[in-house]
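Data block below; observations after.
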Amino acid sequence: MQLRKKPVAHKNVINIASLIDVIFLLIIFFMTVSQSSSVMHPTVTLPVTEHQRKLTPIEENIIITLTTNSDILINTLSLTLEQTKTYLTEKKNQDTNATLSVRIRADENTPWQFVSEIMTQVAKLNITEVNIGVIKANG
């Protein structure tokens, strides 16, 4: 007499331990990236004006962001006033043939003296393509 073996039911088992690890790594990655992007681009409330002109893109463009806390950010670098002077001088001396453009984004509550110091430094370097970021007034 032969005994029949019961068919063994194969259960599909998914090992979720590795999936949990991957999910935690993704969460950490996105938290880090979102935090660093907010540091690189601080929120600046630009002043409002009725007179403005649209800017054309220029190859060599330096964006200087001035916050109400007297922080200076050039492109993505956080610099002091002295470091800003050195940075602008180096950029100006790198290629004398290129058109160097400076765009200043200052918060509307930034002290004028602070903005003036940056503009004076740009003028001393004979950078003539200077623009200040504003918002167009409604009306």
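Numbers at a glance
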read-out: Matching entry among Ile72, Ile64, Ile20 (being at pLDDT 85 or above and over 23 Å from Asn126 (Cβ atoms)); value: Ile20
read-out: Members of segment 102-113 found to be closer than 14 Å to Leu81 by Cβ and surrounded by fewer than 17 Cβ atoms within 10 Å (Cβ to Cβ), listed by number; value: Pro111, Gln113
read-out: Any hit, segment 39-53, residues being at pLDDT 75 or above and part of a loop (DSSP other than H, G, I, E, B); value: no
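The values are calculated or read from the model by the stated rules, or taken from the named source; none is laboratory data. Computed from a predicted structure; not experimentally measured. Don't worry about glycine lacking a Cβ; one is built from the backbone with ideal geometry, like all the others, and counts go over all protein chains shown.
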